[in-house]
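Following: one structure in structure tokens, then a few remarks.
The values are calculated or read from the model by the stated rules, or taken from the named source; none is laboratory data. In this text the structure is predicted, and so the values were computed from the model without any measurement. Cβ placement follows ideal geometry from the backbone for every residue including glycine, while neighbour counts extend to all protein chains displayed.
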Amino acid sequence: MKYQSSRNDDITAGSTAAVLQGMAPDGGLYVSKAFEDLHFDWQATLKLDTYAMAAQILGALLPDFENMEELVRKAYDGKFDSPELTPLKAVGDRYVLELFRGPTSAFKDVALSMLPQLITAARKQEGVRDEIVILTATSGDTGKAALEGFRDVEGTRIIVFYPREGVSVVQQAQMVTQEGRNVCVCAVEGNFDDAQNGVKEIFRTTDLRGSGARLSSANSINIGRLAPQVVYYFRAYADLLDAGRISRGDAVDFVVPTGNFGDILAGYIAKLIGLPVGKLVCASNENNVLTQFLETGCYDRLRPFHKTLSPSMDILVSSNLERLLFLLSDSAAVSGYMQALSEKGSYQISEALLAKIQAQFPCGCCNDLETSETIAEVWNAHQYLLDTHTAVAWRVADAYLAQANSSAPLVVLSTASPYKFPAAVLAALGEDSSQDEFALMRRLQEKTGVPIPAQLAALEQKPLRHKDAIAREDMKAYVLEKVRQTAWIE
Ligand SMILES: *Cc1c(COP(=O)(O)O)cnc(C)c1O
């Protein structure tokens with residue numbers, strides 16, 4: 001199977017090259033129209049345990065990789081709470097798919113545990129000698145999950161920039177205590193956009209040829225980050241089958257708290273390769289650029305940016321939507337839309353394309369007050385503790401169920417542990433949330449009896465290892481100096 005740029009049919013790459021490059025050279029994203037023609041044996045896959053299931057699905061989507069079973073085992077062994085990786089819990093008459101049982105308590109662990117294995121395997125298979133230096137700007141969750149994934153992975157180093165004012169206390173503690181010989185964490189003055197723009201600029205203007213290193217990215221523009229997320233849609237479906245809740249072939253609806261459109265797009269890829277996915281409901285917070293798009297066909301990023309209680313969904317340019325547009329139209333159309341987006345800040349898709357998208361992607365959004373209310377409601381009704389992102393999805397699910405005439409089981413994707421956002425969750429439960437976040441974690445545990453994930457509880461005692469803090473204009477010099485150093489641990 002060949003991948004191609006979403007903006008140009010003539011730019012193609014095999015799956016190993018696509019993973020190694022991260023992004024197509026014309027700025028498009030690697031994607032393929034061949035997903036539907038894979039003749040993937042989805043029914044047989046449902047009978048497998050999660051590792052074997054992952055190896056089958058990843059082997060089909062990324063066929064050039066050798067030894068996928070071994071890569072899967074190395075990615076996940078001993079890192080997640082449970083062997084199924086992503087357990088499905090019945091909560092009231094819905095299901096919650098817990099994607100946060102990995103090493104950093106956010107759903108990005110599912111993909112970022114796998115990506116380093118894929119990158120190092122691709123590097124070997126493609127005969128690349130250069131060390132791969134991963135550059136990442138993070139609004140909180142990606143940075144930690146990437147650090148943990150790439151830690152001590154041979155042939156790679158990783159530099160994470162986080163905005164000094166933009167991450168929660170818990171998220172910052174997770175990053176500055178990171179262990180590993182090949183990891184580097186640095187605060188940047190300013191907000192997430194400053195850090196992100198700085199990283200993009202470094203990619204654009206830095207030529208490391210001859211240095212023995214090359215830059216790559218760990219965010220969801222990389223197809224190697226998307227493919228591992230397809231697996232948990234199959235896992236959830238198999239669990240519903242095993243529980244006798246559905247029969248083979250029945251549709252299942254999924255509600256997905258969405259930012260960069262990666263998680264929900266993985267559900268669509270699951271559907272393209274055969275899984276009976278019903279609706280994929282796109283849930284947004286007050287940064288509801290996707291809600292407007294799915295309702296009107298107009299994507300408009302020129303709008304105020306809101307800092308919300310669900311910060312990992314605070315995003316105005318939702319990169320992976322480009323892949324969906326390609327899958328339902330063609331590269332010429334996508335190229336036009338993306339040009340309009342960069343030149344005018346907005347684009348309008350055709351009526352026909354909008355109708356195709358709307359038939360599969362219902363949508364909704366909610367504000368911080370509704371998010372908080374939902375955390376309290378679900379706790380009071382079911383003694384199930386939602387994090388702020390999952391609460392957005394739950395709230396949008398309420399609205400979806402009220403108007404949809406669907407008898408399909410509904411799965412809400414849960415993307416983070418409530419203990420990553422203890423202040424917001426405690427406040428939602430009507431408690432005082434003015435203490436430091438570690439005290440708040442303990443309060444939340446006392447109140448709810450839900451155990452604090454061990455890795456988060458241990459953070460308070462860990463030594464501070466990464467103290468660097470720089471101005472935005474010094475990011476490039478910082479990276480060049482770090483690439484030059486042969487060892488980062490004194
Ligand atoms: C990244 C993230 C999301 C959004 O996922 P996308 O793939 O970007 O749509 C939602 N919730 C949490 C907790 C996240 O970290």
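The table that follows gives values for the structure above.
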read-out	value
Residues satisfying the stated conditions in region 241-260, i.e. at pLDDT 95 or above and crowded, with 20+ Cβ neighbours inside 10 Å	Val252, Asp253, Phe254, Val255, Val256, Pro257, Thr258
Count - residues of region 37-55 that are part of a helix (DSSP H, G or I) and more than 12 Å from Leu275 (Cβ to Cβ)	7
All helices (runs of 4 or more DSSP H) inside region 388-463 with 3 or more residues being under 25 Å from the mean Cα position of the chain (by Cα) and closer than 19 Å to Val255 by Cβ	388-403
Pair list, Cβ under 8 Å, 6 or more apart: region 283-305 residue touching a residue at least 24 places away in the same chain (Cβ under 8 Å) and within 15 Å of Cys366 (Cβ to Cβ), other residue surrounded by fewer than 17 Cβ atoms within 10 Å (Cβ to Cβ) and of a type in the set (Asp, Glu)	Val289/Asp300
Among residues of region 424-438, those that are more than 15 Å from the ligand (Cβ to nearest atom) and at pLDDT 95 or above, counted	6
Selection within region 82-136 - in a strand (DSSP E or B), small (Gly, Ala, Ser) and either within 16 Å of the ligand (Cβ to nearest atom) or at positive phi (or both)	Ala106
Filter result for Val160 (at negative phi and more than 16 Å from the ligand (Cβ to nearest atom))	no
Filter result for Leu58 (of a type outside the set (S, T, N, Q) and either part of a helix (DSSP H, G or I) or out of contact with any Phe, Trp or Tyr (no Cβ under 7 Å at 6 or more places or on another chain) (or both))	yes
